[in-house]
Amino acid sequence: MAQRSNIARAFGAQIRVTPPDTGLFLVEGRTRPPGQIIAEFGGQIVLVIPGGNRILALLPGAAYPALLSHRDLRHIGPVSIDQERFAHFMEQSGLAR
Amino acid sequence: MAKSSVGQELLNVPLPEMVMKLGLGIAEAQRALDENSVETAKELADTTIPLVLSTVQTFHEDGSVSFENMPPVDVSLLQIGLLPTFYQFAEATIEVTMDIKTTSSTDTSVKVGAKAKAGFGMWSASVSVDVAHNRKFGKEVHGTSRLVTRMVPVPPPPRIAPELVVNDLRPTPEPTPSPE
């Protein structure tokens, strides 16, 4: 993935960013859940959080920089899962049984 | 004539300035990344989902079994183990490559001229010599620089997730009647 900034253009520089392959992201739409945007960028919805415009999604790392400035998104941020805490929660909630 | 040497050209590379600007760039990028992660942490903390944390299974005297869900509890995504990912710049490398070519050439030209005059018992002669000496210096300097940074995900700050204290007040499940 190559990006061009004003400084890069002035110096004729090439800037290349190599993002991770896939990551888990919290994505929030401005006016509606961003399911369509996620699909357009090759993502996969993991959890649609009820009562809002937020979705947990698996997205290609290359999509992250592009989505950061997407006009229809209010926020996007990388998320990781605390395995121990999540397993503990699943156990306590009975979902793991 | 001031002629800078190859060594001087290397010394002229603004390495301290490049290092300083790279450092400032990394600091700025790190701040932006941290801000985004903190914003994500806020979103995760503010986003709650209603979850039924327990279900009571009751075996009645008539042999029927019923299930009763306890009232749902709002838990945040942070509480269930979703954490913002924090990134850190682990390595930064500056590579400067210079290709310096110096040339010098000398041109020397000599012109010799002779003149003679004679008349009425007098004569004169002159010899002129013109020497032109040109020395030319040329220098070509090509430079490229390469800045490489590497980012790695790091564990979030230890106190970012609330401490989980479990008080299990669920009634003890009734023993399953053994088939006799």
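Nothing in this text is a laboratory measurement; each read-out follows from the coordinates by a stated rule. Small disclaimer: the values here were computed from a predicted structure and weren't measured. So basically every Cβ, Gly included, is an ideal-geometry build from the backbone, and we count neighbours across all protein chains shown.
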(message) Given the -39500 (n - 2.57) contribution per DSSP H run of 4+ residues, what per-residue ellipticity at 222 nm results for the protein assembly as shown, rounded to the nearest 500 deg cm²/dmol?
(response) -7500 deg cm²/dmol
(message) To test your reading of the geometry: what angle, between 0 and 90 degrees and rounded to tens, separates the Cα axis of helix B:15-46 from the longest principal axis of chain B?
(response) 20
(request) Scan the range B:92-171 for chymotrypsin sites (Phe, Trp or Tyr not before Pro) in coil per DSSP, keeping those whose Cβ has at most 12 other Cβ atoms within 10 Å, and list them by number. (result) B:Phe120
(request) Enumerate the calculated ³J(HN,Hα) couplings along the range A:44-55 in order (Karplus 6.51 cos²θ - 1.76 cosθ + 1.60, θ = phi - 60°), each rounded to whole Hz, writing x wherever the residue is Gly or Pro. (result) 9, 6, 9, 8, 8, 7, x, x, x, 10, 9, 9
(request) Taking a cut-off of 29 Å between Cα atoms, list the lysines near B:Lys111, but don't count ones fewer than 8 places away on the same chain. (result) B:Lys136
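For the range A:19-93, what is the convex hull volume of its Cα atoms per residue in Å³?
Dividing the Cα hull volume of the range A:19-93 by its residues yields 89 Å³.
Summing +1 for each Lys or Arg and -1 for each Asp or Glu, what net charge is found among the other residues whose Cβ lies under 14 Å from the Cβ of B:Val148? Write down the numbers at each step before the final one.
Working: positive: A:Arg16, B:Arg146, B:Arg150; negative: B:Glu91, B:Glu95.
Every neighbour counted, the sum reads +1.
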(request) Excluding residues on the same chain fewer than 8 positions from B:Lys42, give the aspartates and glutamates whose Cα lies under 18 Å from its Cα. (result) A:Glu28, A:Asp82, B:Asp34, B:Asp74, B:Glu163
